[in-house]
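Here is the structure we will look at.
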Amino acid sequence: MRFRENPEVYIGIHQISSVVPENFELRQNYPNPFNPVTNLEFGIPNLEFVTLKIYDAMGREVVTLVNEIIEPGYYKIKFNAGNLASGVYFYRMTAGEFIAVKKLVVLK
């Protein structure tokens, strides 16, 4: 498990399965809506540079959760939005030519 800490968020990312998915996948976060911690899961079929970022409703980047080369498999990230205001946010994953966006809701 890898951990990143900064003044805004506490993030833990770990591989939940070494089974290699057939396609790239970004799952809906759970729980959603949430206060203040949620889980995000994604799968990648091959070694790839992956970015996963959170954006506010205006499209401004709030935080980068992943920005590195990742081995194939399924991954889970715990995201603490304790310092974010209530509202709608979006998370965007890019890996190679794959791009996916999902919505999350912070309720306090």
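In this structure, does Asn39 turn out to be at pLDDT below 95 and under 13 Å from the mean Cα position of the chain (by Cα)? Show your work before the answer.
Working: at pLDDT below 95: no; under 13 Å from the mean Cα position of the chain (by Cα): yes.
Considered against the rule, which asks whether it is at pLDDT below 95 and under 13 Å from the mean Cα position of the chain (by Cα), Asn39 comes out as no.
Report whether or not Tyr55 is at pLDDT 95 or above, touching a Ser or Thr at 6+ places or on another chain (Cβ under 6 Å), under 15 Å from Leu40 (Cβ atoms) and not small (Gly, Ala, Ser).
No: the conditions fail for Tyr55.
Considering only residues that are in a loop (DSSP other than H, G, I, E, B) and surrounded by fewer than 18 Cβ atoms within 10 Å (Cβ to Cβ), which ones fall in the stretch 60-108?
If the condition is that a residue be in a loop (DSSP other than H, G, I, E, B) and surrounded by fewer than 18 Cβ atoms within 10 Å (Cβ to Cβ), then Arg60, Glu71, Pro72, Gly82, Asn83, Ala85, Ser86, Gly96, Glu97, Leu107, Lys108 are the ones that fit.
May I ask you to verify whether Asn39 is outside any strand (DSSP E or B), closer than 19 Å to Leu107 by Cβ and in contact (Cβ under 8 Å) with a residue 40 or more places away in the chain?
No, not satisfied.
The values are calculated or read from the model by the stated rules, or taken from the named source; none is laboratory data. Note that this is a predicted model, so its numbers are computed, not measured. Here the Cβ is made from the backbone with ideal geometry for all residues, glycine too, and neighbour counts use every protein chain on show.
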